[in-house]
Each structure stands twice: as structure tokens, then as C-alpha cells.
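Report on one structure; see the data block that follows.
The values are calculated or read from the model by the stated rules, or taken from the named source; none is laboratory data. Computed from a predicted structure; not experimentally measured. Virtual Cβ from ideal backbone geometry, glycine too; neighbours counted across all protein chains shown.
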Amino acid sequence: MPEGHTIHRLAARHAELFAGDKPQVSSPQGRFAEGAALISGAVLERTEAYGKHLLHHYAGELTLHVHLGLYGKFADGAGEPPAPVGQVRLRLTTDRHWLDLRGPTACELFTPPEVDALRARLGPDPLRADADPARAFDRIRRSATPLAALLLDQSVVAGTGLIFVTEALFRAGLPPLRPGRELTPDGWRTLWADLVELMTVAVERGRIDTVRPDHLPEAMGRAPRIDRHGGEVYVYRRPGQPCHVCGAPVARGELGGRNLYWCAGCQAG
Ligand SMILES: [Zn+2]
């Protein structure tokens, strides 16, 4: 599933293509035909990302809400749109640009109270200027749940996925299974600041890089990582390989059906 930086990049891209315009909105596949008709021709005032949720705010207080889930994908281009291929749930067009959405988990219209309800059920998003990290720490410090599970819970922190969480815990030297209530206020300040930094860089680059300059392939004389997710990382999907910092083999475990990765040497806490 795309992590928050991807959704923030999409929000910026969609604003670049359509903000201030009156796109024609349709649903070639038909599943979003009624909603599309309600916003078609209205001014798209602005777009925003909140965690893994994308919002297009239209004049008339209607908001398009999209969650890509595992399979959702956007495509866009200049000029005339291509003939719809496959299940195009949503299509936006102007004289200059087109945008298609396929396979999302959610593509629906929200009223202002529904937008508020979405914001209320999400934790602070490290990529948003209005994020309040104290809200997240209030949940974490009362909980016996492992730190990794808390940071993956979108109602605690929004936008973080497995890569950001495993890598930020490595960089903080914290074991992923440590109970939230054992995290100190200083530990949280450091972890939050690091999430903000890692995610901001990922928005700029369009990929997740988490290794410090000393541990880059050039600095260490090692081969670059080859992975379809791209990016240089410390532990994510590197089980059994030597830790870039201490050389110990990277450990893998499971948490709620998901893989976890960490270095027992560096993350002894
Ligand atoms: Zn290590």
C-alpha cells in the first residue's frame, strides 16, 4: 500500500493539473457515476492529503475522498484522454489535462461534517503543518501495545506505513516490540522529528531513503539496494543481511500478520 508521501505527492500533482479549473468529472466504469455528476463542472478549489487519504475540495462544499488501498492507481496526462481501458472509476478532464483513477478502496463524496469525521478519526500526519504530535503521544504513552503496531495504527499517526515505521524505529535505536508506555517524552520527540524528516525527503524524491550519509553504498563501498520499492534502507526487507551499522544479521518477526524487521544489536534500546 502506498505510504503517506505518495498521497501528498498526488495531492500536489492534482492541484497543479486542475486547481482553479472546472474539470468534467465522469465514471467510465459507472460505479461512481452519481457522485461524478454532482461535482462535474464545479470549481476544484484545492486538494489535500491527510495520511493515506486524498481529498479534492470543490466549490459548493462537496469533497471527493479517495483511498487507494492496495490496488488503487492514478494516471494522468496532457491533451485528450485515451479511450478508457479497464475499470476507470473516476475521470477528470479539462481542455489541457486528464486524470484517471482505477481500483481504489474508496472513491466517494463527503460533506463538510464527513470530512471533519475523517480528520477526527486519524492521528496527526507528520507531513502536515497542522499536525499535533502530542495527540499521538497521549495514545502511545498509555498503551501496552508494541511501538511498531501503534505507529502503524492510522488513528495514532496518519500516513506512516511499514517502511517508515521500521526504519524510524531502527534510526531511533528502539526495539519494535517495546510497549508504547515505555517510550519517554524525549524518545517521542526524536521519533516524531525523524518521521517528519524521512517523510518530507520521500515527498521530494518520490521514494523512501532512510540511510544516513555514512551508510550510503558509495560511503561503504557496497552495492546499492535493488528492490521494487527503491531507496536505501537499514532493515526493511533485509532479513539475514548484515546491518549497515553493526554487521549483525537483520532480524525478521511478525506482528499482526505483517513482517517486522529490526537489528537486535542496534535496537536493544
Ligand atoms: Zn545493527
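List, please: which pairs have Cβ atoms under 7 Å, are six or more places apart or on different chains, and start with a residue in the stretch 48-61 that is among the acidic types (Asp, Glu) and end with one that is in a strand (DSSP E or B)?
Note: pairs meeting the criteria are GLU48/LEU55.
Among the residues of the stretch 214-225, is there at least one that is out of contact with any strand residue (DSSP E or B) (no Cβ under 8 Å at 6 or more places or on another chain), in a helix (DSSP H, G or I) and within 15 Å of LEU151 (Cα to Cα)? Break it down stepwise before answering.
So the first thing to find is which residues in the stretch 214-225 are out of contact with any strand residue (DSSP E or B) (no Cβ under 8 Å at 6 or more places or on another chain), and the list is 214-225.
Now drop any that are not in a helix (DSSP H, G or I), which leaves 214-215, 217-220.
Checking the rest, the ones that are also within 15 Å of LEU151 (Cα to Cα) come to none.
Within the stretch 214-225, none of the residues are out of contact with any strand residue (DSSP E or B) (no Cβ under 8 Å at 6 or more places or on another chain), in a helix (DSSP H, G or I) and within 15 Å of LEU151 (Cα to Cα).
For ARG181, indicate whether it is farther than 28 Å from HIS8 by Cβ, within 16 Å of the ligand (Cβ to nearest atom) and not in a loop (DSSP other than H, G, I, E, B).
no
Scan the stretch 234-246 and give yes if some residue there is modelled with pLDDT of 95 or more, in contact with a strand residue (DSSP E or B) (Cβ under 6 Å, 6 or more places away or on another chain) and outside any loop (DSSP other than H, G, I, E, B), otherwise no.
There is no residue in the stretch 234-246 that is modelled with pLDDT of 95 or more, in contact with a strand residue (DSSP E or B) (Cβ under 6 Å, 6 or more places away or on another chain) and outside any loop (DSSP other than H, G, I, E, B).
Here is a yes/no grid of residues against (1) at pLDDT 95 or above; (2) within 13 Å of GLY123 (Cβ to Cβ); (3) not in a helix (DSSP H, G or I):
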residue: ALA158; (1), (2), (3): yes, yes, yes
residue: ARG171; (1), (2), (3): yes, no, no
residue: ASP186; (1), (2), (3): yes, no, no
residue: THR190; (1), (2), (3): yes, no, no
residue: ASP194; (1), (2), (3): yes, no, no
residue: THR200; (1), (2), (3): yes, no, no
residue: GLU204; (1), (2), (3): yes, no, no
residue: THR210; (1), (2), (3): yes, no, yes
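For the stretch 205-223, how many residues are surrounded by 11 or more Cβ atoms within 10 Å (Cβ to Cβ) and either more than 24 Å from the chain's Cα centre (by Cα) or farther than 22 Å from THR160 by Cα (or both)?
6
Among the residues of the stretch 92-143, how many are among the acidic types (Asp, Glu) and either under 26 Å from ASP21 (Cα atoms) or over 20 Å from the mean Cα position of the chain (by Cα) (or both)?
Selection size over the stretch 92-143: 6.
Conditions: (1) out of contact with any Asp or Glu (no Cβ under 9 Å at 6 or more places or on another chain); (2) near the ligand (Cβ under 10 Å from one of its atoms). VAL203 meets all but one. Number of the miss?
The failed condition is (2).
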